[in-house]
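The values are calculated or read from the model by the stated rules, or taken from the named source; none is laboratory data. Quantities reported herein were computed from a predicted structural model and do not represent experimental measurements. Reconstructed Cβ throughout: ideal geometry from the backbone, glycine too, with neighbour counts over all protein chains shown. Accessible surface areas use protein heavy atoms only, side chains included; no ligands, DNA or RNA. Shrake-Rupley method; radii C 1.70, N 1.55, O 1.52, S 1.80 Å.
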Amino acid sequence: MRAEARALGEALLQHHKAITTQKPPGKRILTTTYTIRYGVLCDRAKLPHLVRMVGPFLSEIAEWCELEGYPPLHALAVGESQVPGQGYGGAGGFSAANWVADVEQCIRFTDYPTSMP
């Protein structure tokens, strides 16, 4: 995994922990409550220059999640329109058609590691 993907993954893990602590998931999950925009994610990862080309790095995170048997952590990353980009489908074997369910599964998952490998 490239350093940029690791940094983005760290930021996503931190976001996941913070948002699920602040707003524990209830019966219904609103994706807009739990997602993070690409620009904010890239800023938190100290990679603001990647905002327009973050997709390949998120794909690496998706592949890592698939390999480890984790829900798709990259599902939390969205564009300005509050949905993921076109590259979401197929990344790590995850489907764009299942994105809302992927976000819910990710938010409800409690066994992510505390840091990226």
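Using the Cβ atoms and a cut-off under 13 Å, what net charge is assigned to the surroundings of residue 71, where Lys and Arg are +1 and Asp and Glu are -1? All intermediate terms of the calculation are to be shown ahead of the outcome.
On the way: positive: 108; negative: 66, 68, 102, 104, 111.
Taking every other residue near residue 71 into account, the sum is -4.
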**Prompt:** Taking a probe of 1.4 angstrom, what is the accessible area of residue 61 in Å², to the nearest 10?
**Reply:** 0
**Message:** Between 44, 52, 28, where does the largest GNM mean-square fluctuation fall for the chain, given springs only between Cα atoms within less than 10 Å?
**Reply:** 28
**Charge dipole magnitude, Cβ of K and R +1, D and E -1 - the chain, Cα centre, debye nearest 20** = 400
**Asked** Tell me, what is the percent relative contact order of the range 27-117, built from C-alpha pairs under 8 Å that lie six or more residues apart?
**Response** 30
**Request:** List every residue whose amide H lies under 5 Å from the amide H of residue 36, counting only residues 5 or more places away in sequence or on a different chain, with H placed 1.01 Å from N in the peptide plane.
**Result:** 77, 78
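Between the DSSP loop rule and a limit of at most 16 other Cβ atoms within 10 Å, which chymotrypsin sites (Phe, Trp or Tyr not before Pro) in the range 27-117 are left?
Working: sites: 34, 38, 57, 64, 88, 94, 99, 109; in loops: 94, 109.
Counting only loop positions with at most 16 other Cβ atoms within 10 Å, the chymotrypsin sites (Phe, Trp or Tyr not before Pro) in the range 27-117 are 109.
With the contact rule set at Cα under 8 Å and sequence spacing of 6 or more, what percent relative contact order holds for the range 38-90? Don't skip to the end; give the middle numbers.
Values: 37 pairs, mean separation 17.1, N = 53.
Value for the range 38-90: 32 percent.
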**Request:** Give, as a single signed number, the net charge of other residues whose beta carbon lies under 14 Å from the beta carbon of residue 104, with Lys and Arg counted +1 and Asp and Glu -1.
**Result:** +3
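What does the helix-only formula give at 222 nm for the chain: each DSSP H stretch with n ≥ 4 adding -39500 (n - 2.57), the total divided by the residues, and the result rounded to the nearest 500 deg cm²/dmol? Please report the intermediate quantities before stating the final value.
Values: 5 runs with 55 residues, N = 117.
When only DSSP H runs of four or more count, the value is -14000 deg cm²/dmol.
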